[in-house]
Amino acid sequence: MRIDGIDQISASRKHLVFAYYVTGHGFGHATRVVDVARHLILAGHDVHLVTGAPDFVFTSEIQSPRLFIRKVLLDCGAVQADALTVDRLASLKKYSETAVLPRASILATEVEWLNNIKADLVISDVVPVACRAAADAGIRSVCVTNFSWDFIYAEYVMAAGNNHRSIVWQIAEDYSNCEFLIRLPGYCPMPAFRDVIDVPLVVRRLHKSRKEIRKELGIGDGVKLVILNFGGQPAGWKLKEEYLPSGWLCLVCGASDSQDLPPNFIKLAKDAYTPDIIAASDCMLGKIGYGTVSEALAYKLPFVFVRRDYFNEEPFLRNMLEFYQGGVEMIRRDLLTGHWKPYLERAISLKPCYEGGINGGELAAHILQETAVGKNYASEKFSGARRLRDAIVLGYQLQRVPGRDISIPEWYISAENEFGLSNGSTPTGQMSESNSMENLCTEDFEILHGDVHGLSDTKNFLKSLTELDVVSDSEKNTEKRQIRERRAAAGLFNWEGEIFVTRAPGRLDVMGGIADYSGSLVLQMPIREACHVAVQRNHPSKHRLWKHALARQNTKGQGPTPVLQIVSYGSELSNRAPTFDMDLSDFLEGGKPISYQEAQKYFAQDPSQKWAAYIAGTILVLMTELGVRFEDSISMLVSSAVPEGKGVSSSASVEVASMSAIAAAHGLSISPRDIALLSQKVENHIVGAPCGVMDQMTSACGEANKLLAMVCQPAEVLGLVEIPSHIRFWGIDSGIRHSVGGADYGSVRIGAFMGRNMIKSLASDKSKSVPSSNGTNSDDLEDYSVELLEAEASLDYLCNLSPHRYEALYAKMLPESITGEEFLEKYTDHSDPVTVIDPKRTYAVTAASRHPIYENFRVKAFKALLTSESSDDQLTALGELLYQCHYSYSACALGSDGTDRLVQLVQEIQHSKLSRSEDGTLYGAKITGGGSGGTICVIGRDCLRSSQQIIEIQQRYKAATGYFPYIIDGSSLGAGQFGYLKIRSRHSSPKSIK
């Protein structure tokens with residue numbers, strides 16, 4: 001429902017009492033509450049605010065005896081580690097302390113208070129427990145917000161662990177008691193609300209004109225004014241005079257009393273009325289929140305923003321800000337080091353064009369008043385509370401997929417096209433004119449080396465490059481919706497020079513999974529979805545630098561030096577910055593490459609740009625491992641269609657494609673196997689994720705419709721196993737975000753390495769206790785073969801221990817679990833170079849050790865069965881091995897509700913009466929990769945009925961969870977087989993827009 005305009009609110013026939021609950025997160029909520037409350041009071045009603053915010057936020061705008069402020073904090077919002085970073089785990093713990101543990105007493109107190117003040121309506125922005133308290137008191141409630149805490153916390157749960165998910169369920173349960181939601185622009189998906197009314201921006205009104213404010217501050221009209229609005233500055237940050245361009249002044253909000261400021265920075269009073277200051281300024285520099293974005297748009301103030309880490313509301317507000325041409329993103333390191341000039345100058349050239357209403361407070365107040373006197377705004381199709389447990393837990397990542405939200409605004413849709421503009425790739429099924437596209441690409445580009453191999457995604461990527469070969473006059477271009485990544489990419493390449501293009505697919509883990517780091521045989525299938533990378537080298541003097549990079553070099557005063565510039569498509573789907581740049585000299589210290597540890601710290605400076613470690617890290621690895629010197633500047637465009645966080649190796653495909661492209665552009669001859677090993681070093685040592693090598697090996701060495709068979713000791717490719725024509729594999733995404741860097745995967749890996757060391761120690765002790773052969777019973781010698789025990793005492797890989805030896809000698813002697821401190825005290829080290837034992841943590845040993853020993857056996861059996869005679873028994877046995885692997889993951893605590901549900905759905909279909917009465921088509925399924933979410937692998941007969949059953953599982957999962965799973969179907973060649981393309985534009989100069 002949308003309400004665009006009403007007459008002025010008139011006093012109600014009935015004097016009403018409103019209880020208005022305000023969340024404890026920041027001032028943005030409090031400032032918008034002010035405008036709604038003001039209109040309710042103007043209409044003659046009483047408003048009781050329940051808040052933890054300072055009184056002046058409300059009383060500076062409302063001076064009325066009808067305003068009552070009750071200082072109570074009933075939720076904590078998002079706890080910030082610093083001004084730009086949310087501490088996800090601390091946020092969940094704090095919410096538990098604030099709203100979960102004292103829940104019973106909170107509800108009792110609020111119900112009593114609501115009855116005492118005789119409240120007619122409860123309004124929440126957006127305190128969950130307020131909705132439940134209203135229901136318990138028999139009072140209607142309405143929420144007014146652009147996001148809800150179940151959505152914000154959902155991704156935190158994915159990072160912090162499932163033991164916190166009850167918090168998200170409880171919040172959703174509380175919100176479901178709300179009658180409807182008054183939804184503000186810049187909104188996030190909010191599945192807990194069953195009815196929605198949209199209103200325009202809610203902003204505070206202006207009290208004084210720009211001229212009056214400047215006169216009060218003693219600032220002339222010719223002075224450029226920036227307002228620094230962070231709501232608390234980064235710790236240890238000292239502002240310096242040279243941060244501002246000449247002729248600029250900066251008004252600082254929230255500066256501490258003890259903070260000394262340079263002469264061109266002015267400290268504002270803590271109770272300064274920010275809307276007036278905003279309207280008197282030329283631009284704003286700060287972090288994104290509803291308050292800053294709404295008032296910047298309302299008063300047409302350009303906004304230079306710095307991303308906040310793990311603040312899940314931000315992408316939606318940022319999209320709205322940029323849609324109305326009001327935003328410029330600043331890289332965090334440029335903020336902290338004072339390279340402000342290029343961003344400020346860009347900002348004042350913008351012409352923000354928001355023309356929507358700014359009377360949302362008035363409209364919301366009208367709706368609330370009418371609701372309080374009995375009007376029913378709820379829709380007739382009352383759907384009840386939507387208990388989308390898994391969908392809510394999936395949260396942010398799951399909702400930002402095309403077509404999932406049925407009522408989203410245009411500015412949100414423009415950032416949603418996952419398979420179109422945002423990643424430069426189109427699904428094969430959408431390419432109906434493949435040949436004409438290939439002709440189009442070759443008309444625009446001359447292919448000097450390589451072959452597109454008939455791949456539609458490669459043709460489409462080349463087409464996307466042709467579309468960049470356009471000079472865009474931003475001042476003349478009136479198109480509002482410009483994809484920012486495309487804009488950055490348009491100036492990335494010199495179109496007269498050569499460009500190198502590589503492609504690397506993701507992979508589906510058919511068998512082997514987490515047993516790779518224990519030396520198992522693994523079977524992996526390269527999938528259809530792939531990452532493309534385009535690279536170009538240019539002499540530093542001819543390289544086109546972005547303005548902030550040029551400003552940085554000018555500051556150093558050393559002339560043109562080699563620079564790396566990267567544009568990543570699809571950034572908006574992951575809330576990461578779309579561009580990254582660095583001086584390649586940052587990788588050198590004293591003429592030598594910096595250490596991998598120093599590189600980790602370098603990329604950790606700005607988490608919104610940490611993604612660049614996967615790409616730029618390839619350069620440091622080549623410097624370190626092969627001694628390559630990079631004297632030219634490098635431009636890179638990365639476009640991946642491999643779904644992120646689904647457990648199908650999106651990171652490996654990016655690393656392999658980047659490593660291959662850098663190698664090709666610099667004339668380096670590196671085998672696919674070595675490309676994979678070098679790429680693994682990027683992930684292990686620079687990104688800091690403790691993965692095995694099978695992902696990179698499959699991406700580099702795989703072939704279409706074949707399983708790569710590899711023994712991970714460390715990376716011996718046995719060959720390729722043809723997938724029989726009657727067998728087919730699918731991947732089904734559970735929607736639960738998988739992370740190989742997560743605590744669960746790392747702790748299981750540590751447990752396995754602990755188990756190996758314990759087994760080695762036990763074998764050593766046993767070998768020493770075996771009596772000498774003189775007069776020894778021969779049966780004893782058979783039981784305790786010295787040769788076997790000595791081999792096990794020097795066990796390099798856990799998978800080299802056979803299951804029967806494990807069961808006979810070691811299974812009962814391993815502890816179920818052990819603390820890190822106990823292990824280190826007895827064994828000193830676990831001998832794993834990519835993980836670190838936490839002395840205070842308890843690690844499961846038995847399950848983590850048992851899994852790879854049995855998995856190696858299962859994979860060998862699976863490989864042998866694939867080449868056996870086709871039969872129903874063959875498929876049944878293959879499926880059974882997948883099921884056994886799945887439940888072994890669960891024993892290691894690497895399962896998840898979503899993947900378990902999908903495997904259960906496969907079983908239900910497999911064992912249904914219909915499947916038993918006809919020839920069965922689906923035979924087994926398992927969780928893949930690192931576990932703890934991600935994708936399952938399904939094996940079935942290659943027939944139409946199987947495809948129909950996969951779709952049925954997809955539909956049933958959506959019905960149960962609200963999430964529509966992504967299906968991995970099909971295979972493609974690896975990076976080694978693809979090679980590289982060397983292309984050059986056929987146009988001598990760039991085209992212009994007519």
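The values are calculated or read from the model by the stated rules, or taken from the named source; none is laboratory data. Note that the structure is predicted; figures quoted are calculated from it, not measured. Cβ coordinates were reconstructed from backbone atoms using ideal geometry, including for glycine residues, and neighbour counts include every protein chain displayed. SASA here: full protein model, heavy atoms, side chains in, ligands and nucleic acids out. Shrake-Rupley method; radii C 1.70, N 1.55, O 1.52, S 1.80 Å.
Summary of computed values
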{"read-out": "Test: residue in the stretch 743-750 that is modelled with pLDDT under 95, of a type in the set (D, E, K, R) and closer than 23 Å to P714 by Cβ", "value": "yes"}
{"read-out": "Selection count where residues are charged (D, E, K, R), buried (at least 18 other Cβ atoms within 10 Å of the Cβ) and within 24 Å of L465 (Cα to Cα), scope the stretch 535-554", "value": "1"}
{"read-out": "Where A877 falls short, out of the listed (1) part of a loop (DSSP other than H, G, I, E, B); (2) in contact with a strand residue (DSSP E or B) (Cβ under 9 Å, 6 or more places away or on another chain)", "value": "(1)"}
{"read-out": "Members of the stretch 598-609 found to be free of Cβ contacts under 8 Å to residues at least 40 places away in the same chain and either open to solvent by 50 Å² or more (accessible area, probe 1.4 Å) or in a loop (DSSP other than H, G, I, E, B) (or both), listed by number", "value": "E598, K601, A604"}
{"read-out": "Any chance V22 is modelled with pLDDT of 90 or more and touching a helix residue (DSSP H, G or I) at 6+ places or on another chain (Cβ under 7 Å)", "value": "yes"}
{"read-out": "Search result, residues across the stretch 42-61 that are assigned to a helix (DSSP H, G or I), over 25 Å from V111 (Cβ atoms) and in contact (Cβ under 8 Å) with a residue 24 or more places away in the chain", "value": "L42, F56, V57"}
{"read-out": "Residue match in the stretch 254-271 (condition: within 29 Å of G360 (Cβ to Cβ), touching a Cys at 6+ places or on another chain (Cβ under 8 Å) and in contact (Cβ under 8 Å) with a residue 12 or more places away in the chain)", "value": "yes"}
{"read-out": "Of all residues making up the stretch 344-368, the number that are of a type in the set (S, T, Y) and surrounded by 20 or more Cβ atoms within 10 Å (Cβ to Cβ)", "value": "1"}
{"read-out": "Condition met for A130 (open to solvent by less than 20 Å² (accessible area, probe 1.4 Å) and within 23 Å of the chain's Cα centre (by Cα))", "value": "no"}
{"read-out": "Selected residue (only one of F978, F964 is open to solvent by 50 Å² or more (accessible area, probe 1.4 Å) and either within 12 Å of S734 (Cβ to Cβ) or aromatic (F, W, Y) (or both))", "value": "F964"}
{"read-out": "Output for the stretch 26-63, where each listed residue is within 25 Å of N229 (Cα to Cα) and open to solvent by 20 Å² or more (accessible area, probe 1.4 Å)", "value": "G26, F27, G28, R38, G52, P54, D55, F56, T59, S60"}
{"read-out": "Qualifying residue in the stretch 933-942 (condition: polar (S, T, N, Q) and either open to solvent by 20 Å² or more (accessible area, probe 1.4 Å) or free of Cβ contacts under 8 Å to residues at least 12 places away in the same chain (or both))", "value": "no"}
{"read-out": "Tally of residues being assigned to a strand (DSSP E or B) and surrounded by 24 or more Cβ atoms within 10 Å (Cβ to Cβ) across the stretch 634-645", "value": "6"}
{"read-out": "A99 open to solvent by 40 Å² or more (accessible area, probe 1.4 Å) and of a type outside the set (S, T, Y)", "value": "no"}
{"read-out": "Matching entry among G617, G692, G627 (being surrounded by 24 or more Cβ atoms within 10 Å (Cβ to Cβ) and over 25 Å from Y569 (Cβ atoms))", "value": "G692"}
{"read-out": "Number of the exception - A893 against (1) open to solvent by 50 Å² or more (accessible area, probe 1.4 Å); (2) on the phi < 0 side of the Ramachandran plot; (3) in contact with a helix residue (DSSP H, G or I) (Cβ under 7 Å, 6 or more places away or on another chain); (4) not basic (K, R)", "value": "(2)"}
{"read-out": "Any hit, the stretch 585-596, residues being closer than 25 Å to K542 by Cβ, buried (at least 19 other Cβ atoms within 10 Å of the Cβ) and under 26 Å from the mean Cα position of the chain (by Cα)", "value": "no"}
{"read-out": "Among the candidates R66, R88, residue that is open to solvent by 60 Å² or more (accessible area, probe 1.4 Å), under 25 Å from the mean Cα position of the chain (by Cα) and not hydrophobic (A, V, I, L, M, F, W, C)", "value": "R88"}
{"read-out": "Residue that is nearest to Y517 (Cα to Cα) [pool: residues in the stretch 896-946 that are small (G, A, S) and assigned to a helix (DSSP H, G or I)]", "value": "G898"}
{"read-out": "Candidate set: the stretch 578-597, residues that are among the acidic types (D, E) and not in a helix (DSSP H, G or I); chosen: the one farthest from S650 (Cα to Cα)", "value": "E589"}
{"read-out": "Residues of the stretch 186-214 that turn out to be in a loop (DSSP other than H, G, I, E, B), within 22 Å of N359 (Cβ to Cβ) and open to solvent by 20 Å² or more (accessible area, probe 1.4 Å), as a count", "value": "6"}
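Table: residues versus (1) farther than 20 Å from A577 by Cα; (2) touching an Asp or Glu at 6+ places or on another chain (Cβ under 7 Å); (3) at pLDDT 95 or above; (4) of a type in the set (A, V, I, L, M).
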{"position": "P302", "(1), (2), (3), (4)": "no, no, yes, no"}
{"position": "F311", "(1), (2), (3), (4)": "no, no, no, no"}
{"position": "I331", "(1), (2), (3), (4)": "no, yes, no, yes"}
{"position": "L368", "(1), (2), (3), (4)": "yes, no, yes, yes"}
